[in-house]
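Participant: Sharing a structure here in C-alpha cells format.
None of the figures in this text is laboratory data; all of them are computed from the coordinates on show. Small disclaimer: the values here were computed from a predicted structure and weren't measured. Every residue, glycine among them, receives a Cβ derived from its backbone with ideal geometry; neighbour counts consider all protein chains shown.
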Amino acid sequence: MKGSKNIIMVVLGVLIIVIGILVVYFNISYSPLKNNFKSDFKALDTEKNMKNEYFTKEDFSDFPDAIVKYMENNNFIGKEKMGYTYMGYENVGMDTIISTI
C-alpha cells in the first residue's frame, strides 16, 4: 500500500513539473519571426502618416468600373483611409477556395 502511494506521488509530481515546463515554454517569446511581426505591426499601428486622409473618387479612378461602383455604393468615398484591414473567413472549405481561383 505504501509503495503504490509513493508511485502515485512520483507520477503526480512529474506531471506537475511537465505542465509547469509547458506553461513556461509557451509564454516565452522565442520565435524571431513572431517578434519581427509584432514589432512591424506595432510600427504600422503607431504610424500617423495617413491621419486625416480621406478616400476620394479620384483614388479609385484607375480601377475598373465595378470596383468604383462598389466603393461608391458602400460609402467608402469620404471615409478615413486605413493603414491595414482584417478579413476573417468562416466556414470556407477547400472546394470553395478552388472554385474561386
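Participant: Separation between the V14 and K38 pseudo-spin-labels, each 7 Å from Cα along Cα→Cβ, expressed in nm?
Facilitator: A separation of 3.3 nm, rounded to one decimal place.
Participant: Here's something else I'd like to know. Give me M82, M71 sorted ascending by neighbouring Cβ count inside 10 Å, so fewest comes first. Walk me through the numbers before you get to the answer.
Facilitator: Numbers: M82 9, M71 17.
The order, fewest Cβ neighbours first, is M82, M71.
Participant: Taking 7 Å along the Cα-to-C-beta vector as the label spot, tell me the Y25-K81 distance in nanometres, rounded to one decimal.
Facilitator: Once both label points are built, they end up 4.6 nm from each other.
Participant: Among the chymotrypsin sites (Phe, Trp or Tyr not before Pro) within region 11-41, which fall in a DSSP loop and have no more than 14 other Cβ atoms within 10 Å of their own Cβ?
Facilitator: On the way: sites: Y25, F26, Y30, F37, F41; in loops: Y30.
Of the chymotrypsin sites (Phe, Trp or Tyr not before Pro), the ones in loops of region 11-41 whose Cβ has at most 14 other Cβ atoms within 10 Å are Y30.
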